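Trainee: Dumping the structure here so I can ask a few things about it.
Rule-based calculations on the coordinates, nothing more; no lab input. Here the structure is a predicted model, which means the values were calculated and not measured. Note: ideal-geometry Cβ built from the backbone for every residue, glycine included; neighbour counts use all protein chains shown.
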Amino acid sequence: MGEASEQSYHFHVMRRAIDVLDEAGPGATLSDLAAQMSMSPAHFQRLFTQWVGVSPKRYQQYLALGQAKNLLADRFTTLDTAQELGLSGTGRLHDLFLRWEAMSPGAFARRGAGLTIYWGWFDSPFGPALVMGTDKGICAIGFASEAGEAATMQDLSGRWPEATLVEDPARLRPWVMAAFGADASADTPVPLYLIGAPFQIKVWEALLQIPSGQVTSYSEIAGAIGSPRAVRAVGTAVGRNPISFLIPCHRALRKSGGLGGYHWGLPVKRAILAWEVARSEAQHGL
């Protein structure tokens, strides 16, 4: 099996494993889970722990519906200190996100006219992922496990209707593999190309300051961008984030402790949060 095929296989396994764990509930045994994955218990445990950093049983705790309140209590970060936390080693993934460039407002107003956007489908730990990018970096990631592939493609391509779309997954693959943690040897930051209105980009820039394994609130983001009364507008901008996972809108929670919304479905948001917190705790020996 070649390197790319092996990575695709592992992503497919992880996607199925997360679905199985989410559906099985807290009472499932390792043997039950492995049987549903058509693997031996030892093989399933080893592969899962290799990718997530904790056992399947431990991971189930992070998928609990009440976990959002626990995250706000234990892992809430103010954006004043988030950058310091991120640089102190709260997760390798956070370091990958620091290289980004925003499209100018004038170019954004042209709705992608004159822009070539490459796209491709990839396996991810959170289901099929549609990834789009320009020569400057990734400009969109959408997850299709809830919405379906056709709706996901229509959603993202419809944001820049005047752009030229070219299917070219090979061009995007190195960025994608590094972004989802498949290429542990990648030393080059994953470049992002933010395509949005000025207010949206301010919100997305604030999201980029939240370290992996940490969360914050919509009101905290509103205060950080100098618009403390614009919580509703911030929520809308968070929901319109085109680069899911890399611009971590999943780390924004309601102040009440609720997960809030997620453009690609709450099951995906729960899975991403659980994956990040599990990896973060494993890295720090918690």
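Trainee: Could you check the simple spin-label distance between S38 and R58, using points 7 Å along Cα→Cβ, in nm with one decimal?
Mentor: Output for this residue pair reads 2.9 nm.
Trainee: About its Cα centre, how strong a charge dipole does the stretch 109-257 have in debye, to the nearest 20, once Lys and Arg get +1 and Asp and Glu get -1 at the Cβ?
Mentor: Here the size comes out at about 720 debye.
Trainee: Sticking with this structure for a sec: Going by how many other Cβ atoms sit within 10 Å of their own, how do T216, T49 line up, fewest first?
Mentor: Fewest-to-most Cβ neighbours within 10 Å comes out as T49, T216.
Trainee: Full extension from D22 to L266: what is 0.36 nm times the residue separation minus their Cα-Cα distance, to one decimal in nm?
Mentor: Contour length minus Cα-Cα distance gives 86.7 nm.
Trainee: Whole-Hz Karplus ³J(HN,Hα) for the stretch 37-45, in order, using 6.51 cos²θ - 1.76 cosθ + 1.60 and θ = phi - 60°, x for Gly and Pro?
Mentor: Per residue, the Karplus-derived 3J(HN,Hα) values read 8, 6, 9, 6, x, 5, 5, 4, 4 Hz.
Trainee: Right, next: Note down the nm distance, to one decimal, between modelled labels 7 Å out along Cα→Cβ at S31 and at T164.
Mentor: 6.0 nm
Trainee: Got a sec? How would H250, H263, H43 order by Cβ neighbour count within 10 Å, fewest to most?
Mentor: Final ranking by Cβ density, sparse to dense: H43, H263, H250.
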